[in-house]
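To keep things clear, I will list the structure first and then write my remarks on it.
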Amino acid sequence: MRPETLLYPTPKGLFCEAGGFYIDPVHPVDKALITHGHADHARSGHGEVLATRETLEIMAIRYGADFCRQSQEAVLGETMTIGDVTVSFHPAGHVLGSAQIAVSRGGTKIVVSGDYKRRRDPTCLPFEPVPCDVFITEATFGLPVFHHPPDADEVGKLLTSLRQFPERAHLVGAYALGKAQRVIMLLREAGYHEPIYIHGALVKLCDYYLSKGIPLGELRPATVTAKEKPAFAGAVVIGPPSAFADKWARRFPDPIPIFASGWMLVRQRAKQRGVELPIIISDHCDWAELTDTIREIRPGQVWVTHGREEALVRWCELEGIKARPLHLVGYDDEGE
Amino acid sequence: MRDFAELLDRLVLTPSRNAKIRLLTDYFRTAPDPDRGYALAALAGTLTLSTVKPNVLRQLMLERMDPVLFQYSYDYVGDLAETISLVWEGTEPDEADLGDLSLGAIVAQLQTVGRADVRNLVRTLLDRLDGSSRFAFLKLITGSMRIGVSSRLVKQALGEMGTVDVGEIETLWHGLLPPYVELFAWLDGHSGRPELTMPAVFHSVMLATPVGDRDLDGLDPADFVAEWKWDGIRVQLANLSGTRRLYSRSGDDISGAFPDILEAVDFEGVIDGELLVGGTLRSNQATRSFSDLQQRLNRKAVTRKTIEEYPAFLRGYDLLFDGPRDMRPEPFDVRRDALERLIATTPPLHFDLSPLVSFASWEELDRLRTAPPDPVIEGIMLKRRDSPYTPGRMKGPWFKWKREPYNVDAVLMYAQRGHGKRSSYYSDFTFGVWTEGDAGQGDVLVPVGKAYFGFTDAELEVLDRYVRNNTVERFGPVRSVRAEPDQGFVVEVAFEGIAFSSRHKSGVAMRFPRISRLRTDKLPRDADRLETLVSMIDAGAPVNDDA
């Protein structure tokens with residue numbers, strides 16, 4: 001069948017009529033397949049939810065056990081039949097539990113990659129290329145300017161600064177799901193074994209990662225009274241980026257604002273946010289990873305969504321690959 | 001190159017002065033020669049390389065990139081050098097083929113390359129350097145660093161590195177050339193102070209301390225001379241052994257912007273004075289305001305028209321060298337006599353003498369200070385008659401006694417979050433005063449200035465709390481706060497001067513405004529009106545409303 005009729009965008013999200021389900025819907029629906037636990041993809045209030053065990057558990061942590069009427073676990077690599085279509089989940093390498101969703105009917109296969117990345121991440125399974133007719137790719141960093149440097153070099157910048165400014169607290173902004181834990185793991189791998197202080201918004205998710213056997217090391221709550229302020233000299237404190245503009249940041253001695261994000265590659269972005277030490281660590285593909293992935297999978301066509309669709313579509317045209325933008329609304333392509 | 005690139009990346013984003021100095025000293029301590037010397041030159045603006053035009057860079061880029069993709073990228077990033085540094089994909093040669101990628105080696109190649117080979121060299125280096133280094137390299141060859149580091153700050157970092165006074169660095173500075181190997185050897189403690197090969201024509205200046213409470217008690221007025229403190233910029237003019245230069249107080253060479261003064265020099269020596277625009281006292285024409293002087297400042301070159309409209313001159317304060325003779329060890333009285341004799345022979349439109357102010361008691365001088373005879377006077381200077389000319393700011397020989405600042409009561413209108421230490425505080429404030437609105441509107445507030453200091457930490461807490469609890473609207477990082485006749489926050493704003501300005505909606509611009517007091521005792525309706533500010537311009541003198 002024509003891929004445009006197998007999956008198509010609607011105001012509620014990407015819809016599969018033959019299967020009667022939506023993928024990552026942005027409004028409550030009867031049946032939802034969820035790629036991963038980030039809030040713009042995984043929302044509460046759906047009827048049935050099909051997702052990996054980790055994604056379901058993350059949704060329960062974020063929204064409470066009653067986040068949907070009925071949940072069902074998708075096992076990676078297993079094929080299921082829903083209505084008139086078959087569906088399978090495959091690792092996406094984005095955050096713990098993240099998956100691509102392959103949807104097939106009548107010899108046509110579409111892979112919805114969700115958010116994904118190709119480089120190593122010690123906190124989740126690596127991306128698995130799945131041959132398909134249509135590959136739906138994200139394009140968060142879909143511009144040739146984005147070349148994320150090696151993670152170890154970026155974490156090295158943080159360690160250098162800790163040596164250079166031992167009297168200052170190092171406040172690292174990182175999103176609560178995935179990025180925060182990855183930054184902690186990269187620090188541990190770089191030989192940093194001091195306790196790491198975390199903002200209250202990170203506690204439940206870090207505990208969850210620990211329960212999954214991901215060795216984050218010693219974590220302490222970043223709560224402090226004025227008397228203990230000097231104790232944070234030279235400490236690494238991780239919190240959601242929004243907390244740094246808040247009064248919360250005042251409790252630390254002369255803090256250095258740091259932000260771990262792919263956006264930090266562009267100096268003006270860092271400057272606008274008042275970031276003094278940008279750490280370019282992303283849970284999304286950079287330009288080279290996006291284009292390498294498309295070359296590797298070599299799908300019949302590429303549909304490009306949230307981000308800078310036009311540049312990736314242009315690149316596909318130059319490569320002789322059929323491509324078009326897929327206009328989905330409601331995803332936060334800045335949140336990284 | 002990598003270390004230098006990382007230094008630049010950190011400096012650009014670091015707002016704190018002390019942190020910048022630490023980053024610089026750490027770099028200078030660890031980087032080898034001649035890399036650190038070229039880095040110093042690049043930061044201080046003394047590195048001369050033949051620059052590469054932006055168009056050449058664009059062509060190099062388009063040799064290997066689709067123009068549409070390049071345009072998308074450039075539109076997103078906004079800066080050509082940064083865009084190219086990000087989108088350039090190297091050809092990944094073998095590790096062994098990379099060659100020497102140190103800053104020193106790259107500068108050497110750029111200095112020796114022939115015109116015809118520049119493109120090839122740039123292409124090869126872009127291929128071999130990593131992303132961050134590409135950016136630093138492109139900044140070097142396009143001749144625009146713009147990273148928020150003044151040459152003064154760099155010299156302070158050098159001083160800290162070698163635990164020597166910044167004045168010593170300034171004194172040596174113009175006698176040394178990149179890559180400053182002798183300078184670093186000295187600062188590292190490996191060798192003595194460098195011997196200058198050309199006359200060091202800038203000499204660190206002598207500065208005054210402010211008159212504090214009871215500072216003058218017990219001092220005999222007869223031991224001091226007084227002169228007006230003119231509101232221009234302090235400069236040093238040197239003409240020795242054929243080298244003719246005009247320096248700012250911190251030793252920056254500003255000769256390029258003042259050819260009118262340099263051409264008029266017809267004597268040998270070094271004069272300390274105030275740079276002003278308008279007429280000299282010898283020509284009997286009025287000295288003009290600081291805002292007029294600003295038309296001449298911060299320019300590399302200047303047009304004939306600007307020189308005619310804003311003629312500059314130097315008002316002599318002191319004489320450091322009379323011909324080749326070093327006058328600095330002499331007492332002020334002796335230097336002053338020599339200065340008077342020298343100025344009398346100079347062209348009268350470009351040089352005059354700072355007149356002495358006669359007084360018999362501190363009380364008399366105080367009265368003179370509060371009612372100076374010229375609007376371009378910002379206070380009084382007091383100099384001990386027997387003081388030699390000693391660089392730096394020492395308490396005792398020279399005092400400055402400023403006239404009172406201007407004051408107005410204004411209403412907080414907008415607040416923006418600060419940077420660095422203050423990034424969690426609303427610490428940058430826009431304030432306004434009342435003026436008549438359009439027909440039927442009654443009185444409205446019009447913004448008249450912005451201030452981000454003057455208050456104490458405790459006062460900042462109060463201001464920040466007010467902003468957070470009284471936000472009316474948000475525009476990105478800016479909040480507008482409640483400001484109505486009976487509901488709002490009044491602050492006393494102190495400033496050093498005020499002038500008409502067509503760039504501001506209110507039509508006036510303040511100089512050096514700061515929040516001097518929180519007037520929680522006042523309602524916004526009691527704040528000042530725009531007419532009051534305008535009358536200050538006309539009067540040219542401070543208004544004391546509360547006194």
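So what's the angle, to the nearest 10 degrees on a 0 to 90 scale, between helix A:179-189 and the longest Cα principal axis of chain A?
Computed tilt is about 60 degrees.
Set the Förster radius R0 to 56 Å, insert the Cβ-Cβ distance between A:ARG119 and B:VAL534 as r into 1/(1 + (r/R0)^6), and round the FRET efficiency to 0.05.
Working: r = 63 Å, r/R0 = 1.12.
Calculated transfer efficiency: 0.35.
Tell me which of B:PRO397, B:VAL411, B:VAL446 sits at the most positive position along the dipole axis of the stretch B:375-465, charges placed on C-beta atoms (Lys, Arg +1; Asp, Glu -1).
Value computed over the given set: B:PRO397.
Within 10 Å of each residue's Cβ, count the other Cβ atoms and sort B:MET61, A:MET264, A:MET80 from fewest upward. Write down the numbers at each step before the final one.
Values: B:MET61 20, A:MET264 24, A:MET80 15.
Ranked by crowding around the Cβ, least crowded first: A:MET80, B:MET61, A:MET264.
Helix-only mean residue ellipticity at 222 nm, the protein assembly as shown, DSSP H runs n ≥ 4 weighted -39,500 (n - 2.57), per residue, nearest 500. What is it?
-8500 deg cm²/dmol
Under unit Cβ charges (Lys, Arg +1; Asp, Glu -1), what dipole magnitude, rounded to 20 debye, does the protein assembly as shown have relative to its Cα centre?
On the way: 104 positive and 123 negative charges, 43 e Å.
Using Cβ point charges on Lys, Arg, Asp and Glu, the protein assembly as shown gives about 200 debye.
What does the charge count near A:VAL203 come to, summing +1 for each Lys or Arg and -1 for each Asp or Glu among other residues with Cβ under 14 Å from its Cβ?
Spelling it out: positives minus negatives among the neighbours equals +1.
Return the long-range amide H neighbours of B:TRP230 (sequence gap of 5 or more, or a different chain), with a cut-off of under 5 Å between placed amide H atoms.
Placed amide hydrogens put B:GLU378 under 5 Å from B:TRP230.
Over all residues in A:141-148, what is the mean tally of Cβ atoms on other chains that come within 10 Å of each residue's Cβ? List each step's numbers first, then the result.
Details: counts 0, 1, 9, 12, 15, 4, 6, 1.
What the average comes to for A:141-148 is 6.
Report, ordered by chain and residue number, the aspartates and glutamates lying within cross-link reach of B:LYS229, taken as a straight Cα distance under 12 Å and ignoring same-chain residues fewer than 8 apart.
B:GLU274, B:ASP374, B:GLU378
Tell me the trypsin sites (Lys or Arg not before Pro) within the stretch B:109-162 that lie in a loop according to DSSP and have at most 16 other beta-carbon atoms within 10 Å.
Details: sites: B:ARG115, B:ARG119, B:ARG123, B:ARG128, B:ARG134, B:LYS139, B:ARG146, B:ARG152, B:LYS155; in loops: B:ARG146.
Filter output for the stretch B:109-162: B:ARG146.
Skipping prolines and chain starts, which residues have an amide H placed within reach, meaning under 5 Å, of the one on A:VAL145, given they are 5 or more residues away or on another chain?
Excluding prolines and chain starts, which carry no amide H, there are no hits.
At a Förster distance of 51 Å, what's the computed FRET efficiency of A:ASP30 paired with B:GLN71, Cβ-Cβ distance as r, to 0.05?
Values: r = 44 Å, r/R0 = 0.87.
Calculated transfer efficiency: 0.70.
Give a quick list of trypsin sites (Lys or Arg not before Pro) in the stretch B:157-257 that DSSP marks as loop, anything other than H, G, I, E or B, with at most 10 other Cβ atoms within 10 Å. Before the final figure, lay out each step's value.
Numbers: sites: B:ARG214, B:LYS229, B:ARG234, B:ARG244, B:ARG245, B:ARG249; in loops: B:ARG214, B:ARG249.
Answer by residue number: B:ARG214.
Counting Lys and Arg as +1 and Asp and Glu as -1, each charge on the Cβ, what is the dipole of chain B about the Cα centre in debye, to the nearest 20? Walk me through the numbers before you get to the answer.
Numbers: 67 positive and 81 negative charges, 114 e Å.
That gives chain B a dipole magnitude of about 540 debye.
List, in the order given, every pair from A:LYS271/B:LYS139; A:LYS212/A:LYS247; B:LYS20/B:LYS505; B:LYS300/B:LYS505 whose Cα-Cα distance in the structure shown is over 27 Å. Present the calculation step by step, with values, prior to reporting the outcome.
Details: A:LYS271/B:LYS139 18 Å; A:LYS212/A:LYS247 33 Å; B:LYS20/B:LYS505 35 Å; B:LYS300/B:LYS505 29 Å.
Over 27 Å Cα-Cα: A:LYS212/A:LYS247; B:LYS20/B:LYS505; B:LYS300/B:LYS505.
Using the Karplus curve 6.51 cos²θ - 1.76 cosθ + 1.60 with θ = phi - 60°, work out ³J(HN,Hα) for each residue of the stretch A:71-87 in order, rounded to whole Hz, and write x for Gly and Pro.
Residue by residue, the stretch A:71-87 yields 10, 9, 7, 9, 8, 4, x, 8, 8, 10, 10, 10, x, 9, 10, 10, 9 Hz.
Just rank B:ILE84, A:ILE58, fewest to most, by other beta-carbon atoms within 10 angstrom.
Ranking B:ILE84, A:ILE58 by Cβ neighbours within 10 Å, fewest first, gives B:ILE84, A:ILE58.
Near the amide H of B:MET206, under 5 Å away, which other amide H atoms are found, from residues 5 or more places off or on another chain, if H is placed in the peptide plane?
Here B:GLY392 satisfy the definition.
Name the residues of the stretch B:139-183 whose amide N is less than 15 Å from a point 7 angstrom out from the Cα of A:ASP254 along the C-beta direction?
Counting only backbone N, you get no residues.
Taking 8 Å as the Cα distance limit and 6 or more residues as the minimum spacing, I'd like the relative contact order of the stretch B:419-544 as a percentage. Can you show the working numbers first?
Values: 189 pairs, mean separation 31.0, N = 126.
Averaging sequence separation for qualifying contacts and normalising by length gives 25 percent for the stretch B:419-544.
In nm, give the distance between the simple-model label positions of B:ASP217 and B:ALA108, each being 7 Å from the Cα along the Cα-to-Cβ direction.
6.5
Where the centre of each part is set by its Cα atoms, how far does the stretch B:20-39 sit from the stretch B:225-269, in angstrom?
A separation of 31 Å, based on Cα centres.
Please state the relative contact order of chain A as a whole percent: Cα pairs under 8 Å, 6+ residues apart?
Values: 738 pairs, mean separation 56.6, N = 336.
Here the relative contact order equals 17 percent.
What's the local net charge at B:LYS505, with K and R +1, D and E -1, over the other residues with C-beta under 15 Å away? Before the final figure, lay out the partial values.
Working: positive: B:LYS450, B:ARG503; negative: B:GLU436, B:ASP438.
Taking every other residue near B:LYS505 into account, the sum is 0.
May I ask you to sort B:ILE21, A:ILE258 by Cβ crowding, counting other Cβ atoms within 10 Å and putting the fewest first? Don't jump to the answer; show the numbers that get you there.
Numbers: B:ILE21 20, A:ILE258 26.
Fewest-to-most Cβ neighbours within 10 Å comes out as B:ILE21, A:ILE258.
In whole Å, how far is the Cα centre of the stretch A:24-78 from that of the stretch B:322-357?
85
Convert each backbone phi in the stretch B:461-468 into a coupling constant with the Karplus relation 6.51 cos²θ - 1.76 cosθ + 1.60 (shift: θ = phi - 60°), then list the ³J(HN,Hα) values in order as whole Hz, x for Gly and Pro.
So the Karplus estimates, Gly and Pro as x, are 4, 5, 4, 4, 5, 4, 4, 4 Hz.
Rule-based calculations on the coordinates, nothing more; no lab input. Here the structure is a predicted model, which means the values were calculated and not measured. When we count neighbours, we look across all protein chains shown, and the Cβ atoms used for this are built from the backbone with ideal geometry, even at glycine.
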